[in-house]
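The values are calculated or read from the model by the stated rules, or taken from the named source; none is laboratory data. Predicted model, so just to flag it, every value in this text is computed and none were measured. For neighbour counting, all protein chains shown are included, and Cβ atoms are generated from backbone atoms with ideal geometry for every residue, glycine included. When the accessible area is computed, the model is the full protein with side chains, heavy atoms only, and any ligands, DNA or RNA have been set aside. Shrake-Rupley method; radii C 1.70, N 1.55, O 1.52, S 1.80 Å.
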Amino acid sequence: EILKSPTISQGPTVSLFEKKIATKVRANNVIAVNSATSALHIACLALGLEEGDWLWTSPITFVASANCALYCKANVDFVDINPLTGLMSVEALKIKLKKAEIQGKIPKIVVPVHLAGASCDMKGIRDLAKKYKFSIIEDASHAIGGMYKSKPVGSCEYSDICVFSLHPVKIITTGEGGLATTNKKNLAQKMYDLRSHGITKDQRRFKRESPGPWAYEQQTLGFNYRMTDFQAALGISQLKRLEKIVSERNKQYIIYDELLSDLPVNLLKIMKGVRSSVHLGIIRLEESNSKSHKKVFKFLRDSGIGVQLHYSPVHLQTYYRDLGFTDGDFPESEAYAKSCFSLPL
């Protein structure tokens, strides 16, 4: 229907999709864009991240969680993980903030990553945000359909902005696509403008007198990060299945937990009060080094089991090594990469 309609882009279906997501995650505002990377970028810009500022995130994530800071010419640093959960360690964050305060390098933004679909300890991070005055973007690319303390991930109860991915391998998909959610109207308006060239067509917001009813006004330097109407239509269809998909993934996770109980491996721990969307089933070998990790990985691949490592630590990627990061900077994350891999779900 959308492909036969007059508007396959910038039509009403994107707005409808945003409203349905807003209802699902209990957020006041939803901004649909063409990728989660785009959502992270405009989220950083909306929060005023700029040259000289710092953004901190987890080393165990896809590179986009860190790259979004570099797009804004800001500095990036990392906070080590809790080895049981694979998530940003609140204790490590607390220690790092104390040191940063002395050095005058408090981050402007912290980006906790909900690895594999399980929420970080957002209350613990929010409490530190209040003390040290930083903003929070939840990178919930894996976590749509998840819950934290009885509220949907995306409700922004403990954050300024939350970002979801709708990439083909994620819980639900629009082919490519992403979402940002926020309860703050001013942040939402900035992100709406930034996703579409910094342009507004609302003449009530014009800063100069309108030359006519045809006019639009570019008020800032934005981007072409829009989602199409046919992508949004797919998103609406997928959203109907979200609960069923997440429920099935949780059942599979329990099956893995039972079947692996006698082996020297552990599934990553999901904290009390968290319902994971189980985007990934990540196991950790109890005794592992680089050699044994590769051996088990190869054995499973050779047996037709499509395991993968999510993720190699971002700070050890060549680009980030060139920025000055090196082996030993974040030992828990580096140990994770030598002992973990994702099982198929």
Look through Ala188, Ala100, Ala129, Ala116 and report the one residue that is touching a Ser or Thr at 6+ places or on another chain (Cβ under 6 Å) and in a helix (DSSP H, G or I).
Ala188
Find all pairs meeting these conditions: Cβ atoms under 8 angstrom apart; at least six residues apart or on different chains; first residue within the stretch 132-155 and on the phi > 0 side of the Ramachandran plot; second residue of a type in the set (Phe, Trp, Tyr) and open to solvent by less than 10 Å² (accessible area, probe 1.4 Å).
Gly154/Phe164
Among the residues of the stretch 157-171 satisfying the criterion of being touching a residue at least 60 places away in the same chain (Cβ under 8 Å) and farther than 29 Å from Pro344 by Cα, which is surrounded by the most Cβ atoms within 10 Å (Cβ to Cβ)?
Ile161
I'd like to check something: does the stretch 197-218 contain any residue that is open to solvent by 40 Å² or more (accessible area, probe 1.4 Å), in contact (Cβ under 8 Å) with a residue 60 or more places away in the chain and assigned to a helix (DSSP H, G or I)?
no
Positions within the stretch 298-323 being open to solvent by less than 60 Å² (accessible area, probe 1.4 Å) and either more than 18 Å from His279 (Cβ to Cβ) or touching a residue at least 60 places away in the same chain (Cβ under 8 Å) (or both), in sequence order:
Leu300, His310, Tyr311, Pro313, Val314, His315, Leu316, Tyr320
Can you confirm whether Ile125 is more than 15 Å from the chain's Cα centre (by Cα), aliphatic (A, V, I, L, M) and at pLDDT 95 or above?
yes
Can you work out which of the residues in the stretch 73-95 that are under 28 Å from Ile283 (Cβ atoms) and charged (D, E, K, R) is least open to solvent (accessible area, probe 1.4 Å)?
Asp80
Take the conditions among the polar types (S, T, N, Q), modelled with pLDDT of 95 or more and out of contact with any Cys (no Cβ under 9 Å at 6 or more places or on another chain) and apply them to Ser292. Does it pass?
no
Name the residue, out of Leu268, Leu221, Leu234, Leu263, that is open to solvent by less than 40 Å² (accessible area, probe 1.4 Å) and either without any contact (Cβ under 8 Å) to a residue 40 or more places away in the chain or within 19 Å of Lys170 (Cβ to Cβ) (or both).
Leu268
Qualifying position, being among the charged types (D, E, K, R) and within 24 Å of Asp229 (Cβ to Cβ), among Lys185, Lys149, Lys207, Lys170
Lys170
Selected residue (criterion: modelled with the lowest pLDDT) from residues of the stretch 277-288 that are surrounded by 12 or more Cβ atoms within 10 Å (Cβ to Cβ) and more than 25 Å from the chain's Cα centre (by Cα):
Ser288
Residue under question is Thr174, and the condition is that it be buried (at least 24 other Cβ atoms within 10 Å of the Cβ), part of a strand (DSSP E or B) and touching a Gly at 6+ places or on another chain (Cβ under 6 Å); does it hold?
no
Picking from Lys130, Lys149, Lys108, the residue that is surrounded by fewer than 20 Cβ atoms within 10 Å (Cβ to Cβ) and in contact with a Gly (Cβ under 9 Å, 6 or more places away or on another chain) would be Lys149
